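The block underneath contains the structure these notes are about, expressed in structure tokens.
The values are calculated or read from the model by the stated rules, or taken from the named source; none is laboratory data. Bear in mind the structure is a predicted one, so any value in this text is a computation, not a measurement. Ideal geometry is used to build each Cβ from the backbone, glycine not excepted, and the neighbour counts take in all protein chains shown. These accessible areas exclude ligands, DNA and RNA; they are computed on the full protein's heavy atoms, side chains included. Shrake-Rupley method; radii C 1.70, N 1.55, O 1.52, S 1.80 Å.
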Amino acid sequence: MSDCIFCKIIEGSIPSKKVLENDDIIAFHDINPAAPVHVLVVPKVHIESLEALNEQNIDVVVKIHQAILQVAKIMKINSKGYRVIANCGKEGGQTVPHLHYHVLGGTCLNEKLI
Ligand code: AMP
Ligand code: ZN
């Protein structure tokens, strides 16, 4: 997708502070962190949101979760705990229409979700 910020990060035309990259996934620091650790875990394939998952592309969810576990280890938040958020659609607060999971940690997060 030529006008997608995250596709541009994946192809390298927009810089990012990478935490992890493999054939399927890229993970990088959020430009506007909401916690001391705030990493975005993004599939390389352009999928608009959770609502665009289907039988053909659902396998990527396993890859995303494997990457989340690796990111938590790399960022040394795996034992203390962290939060994973995937905003979906307008009312879900999604601003970038390319599926991504926020990994937040490095502090004691509020128990309230919103
Ligand atoms: P969401 O609101 O769930 O769609 O999250 C999009 C996230 O992408 C926000 O937390 C933004 O701060 C982050 N973001 C937008 N542009 C960039 C960028 N160029 N590099 C890193 N993070 C970004
Ligand atoms: Zn994209």
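The figures follow:
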item: Whole-percent carbon and sulfur share, accessible surface of the chain, 1.4 Å; result: 52 percent
item: Folded to 0 to 90 degrees: helix 60-74 orientation relative to the chain principal axis, Cα; result: 40 degrees
item: Solitary cysteines of the chain, where the nearest other Cys Cβ is not under 4.7 Å; result: CYS88, CYS108
item: Kirkwood-based Rg to Rh ratio, the chain, C-alpha trace; result: 0.94
item: Accessible area of SER2 in the full protein assembly, 1.4 Å probe (Å², nearest 10); result: 100 Å²
item: Contact order relative to length of the chain, as percent, for alpha carbon pairs under 8 angstrom and 6 or more apart; result: 30 percent
